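Student: Below: one structure in structure tokens.
The values are calculated or read from the model by the stated rules, or taken from the named source; none is laboratory data. Please read these numbers as outputs of a predicted model, since none were measured by experiment. Note: ideal-geometry Cβ built from the backbone for every residue, glycine included; neighbour counts use all protein chains shown.
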Amino acid sequence: MTVYMRRRDFLKGFAGLFLSIFSSAFFFVEKARARKLNGNVQERKRMKLPKPKTHGDVSLETAIKQRRTIRSFTTEPLSLEQCSQLFWAAQGITEDRGFKRAAPSGGALYPMDIYAVVGENCVKGLKSGAYHYDPKGHAVSLVSEGDLRNKVASAALSQTWMAAAPLNILITSEYDRITGKYGNRGVRYAIIEAGHIGQNILLQSEAMGLGAGIVGAFDDDKVRRVVNIPPNHEPLLILPVGYKTEGL
Ligand SMILES: Cc1cc2nc3c(=O)[nH]c(=O)nc-3n(C[C@H](O)[C@H](O)[C@H](O)COP(=O)(O)O)c2cc1C
């Protein structure tokens, strides 16, 4: 009886041990597989941008003198290098220690985000969709698929000319990042910052031989929905960018 019980306990213990080793192994294999799958999705959606230039052929004075709000664009696509340069001018990291950005920010709190709506066959190397710019990695991540330009133009009180631009850059603010320190005044600082970023985009466009418009007239919620912007990111400006139509 005792021998029989010892044998039964041993078998029970052995089976339990086997089951727990097997289930742990299964758990780790599944976790690794999920991580790999997720990693692939991230990789597919995220794209590192070419290194931006810090020298150009057009002087700052010429860019300021020539800049005009452009509302008519050709269908010529932009290059990935041009897009990279525009995102860098907007919010790229410009400090060697990797913190401060291309535009000034109250308290260096950087409450702003850059999104971009790319049309079909509009930027070589980028499929159509809406992208979010990551300044630290100088990379973009796809947040919404498809050519959304008509929807963005219609959310901007049907300013249909915007849909002809290959690229529409959006400047948004997450006010919480700055109101924690400055209270309501932080909202004012963020809106001022949007102006700085907008001007950088306008001048960078001009310096690259492109034209850009600036749009403040739009329905915030519609724009948020179309571009897939989080509810706490307030869209403040949209800048349509592309090659100017001849004569402009
Ligand atoms: C905050 C802001 C919002 C604007 N919103 C629009 C807009 O919704 N649609 C538009 O066609 N132009 C818009 N503009 C562009 C102005 O109409 C333009 O800057 C003005 O006519 C001066 O012309 P310029 O930019 O060519 O010097 C906006 C400009 C600013 C600064």
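Student: Could you list all residues from the range 104-117 that are surrounded by 17 or more Cβ atoms within 10 Å (Cβ to Cβ) and either modelled with pLDDT under 95 or over 26 Å from HIS55 (Cβ atoms) (or both)?
Tutor: Within the range 104-117, GLY106, LEU109, PRO111, ASP113, TYR115, VAL117 meet the criteria.
Student: When you scan the range 98-157, how many residues do you find that are away from the ligand (no atom under 16 Å from the Cβ) and either acidic (Asp, Glu) or not in a strand (DSSP E or B) (or both)?
Tutor: Total meeting the criteria: 32.
Student: Condition test on GLY198, is it within 25 Å of GLU81 (Cβ to Cβ), of a type in the set (Gly, Ala, Ser) and away from the ligand (no atom under 15 Å from the Cβ)?
Tutor: Considered against the rule, which asks whether it is within 25 Å of GLU81 (Cβ to Cβ), of a type in the set (Gly, Ala, Ser) and away from the ligand (no atom under 15 Å from the Cβ), GLY198 comes out as no.
Student: How many residues are away from the ligand (no atom under 11 Å from the Cβ), assigned to a loop (DSSP other than H, G, I, E, B) and more than 23 Å from the chain's Cα centre (by Cα) if we restrict to the range 54-71?
Tutor: 5
Student: Name the residue, out of ARG97, ARG46, ARG101, ARG68, that is surrounded by fewer than 10 Cβ atoms within 10 Å (Cβ to Cβ) and either at pLDDT 95 or above or under 30 Å from TYR175 (Cβ atoms) (or both).
Tutor: ARG97
Student: Follow-up. Which one is farthest from the ligand (Cβ to nearest atom) among residues in the range 218-248 that are surrounded by fewer than 23 Cβ atoms within 10 Å (Cβ to Cβ) and in a strand (DSSP E or B)?
Tutor: Ranking the candidates gives GLU234 first.
Student: Continuing with this model, one more query. Count, please, the residues in the range 158-181 that happen to be part of a helix (DSSP H, G or I) and in contact with a helix residue (DSSP H, G or I) (Cβ under 6 Å, 6 or more places away or on another chain).
Tutor: Residues that pass the stated criteria total 6.
Student: Moving on. Considering only residues that are over 18 Å from GLN91 (Cβ atoms), buried (at least 24 other Cβ atoms within 10 Å of the Cβ) and more than 13 Å from the ligand (Cβ to nearest atom), which ones fall in the range 158-193?
Tutor: The answer is PRO166, and nothing else.
Student: Let me ask another. I need the full set of residues from the range 171-216 which are in contact (Cβ under 8 Å) with a residue 40 or more places away in the chain and of a type in the set (Ser, Thr, Tyr), in order please.
Tutor: If the condition is that a residue be in contact (Cβ under 8 Å) with a residue 40 or more places away in the chain and of a type in the set (Ser, Thr, Tyr), then THR172, SER173, TYR175, TYR182, TYR189, SER205 are the ones that fit.
Student: Scan the range 201-217 for residues that are more than 12 Å from the ligand (Cβ to nearest atom) and not in a helix (DSSP H, G or I) and report the count.
Tutor: 3
Student: Among the residues of the range 72-97, what is the count of those that are more than 13 Å from ALA116 (Cα to Cα) and within 16 Å of the ligand (Cβ to nearest atom)?
Tutor: 2
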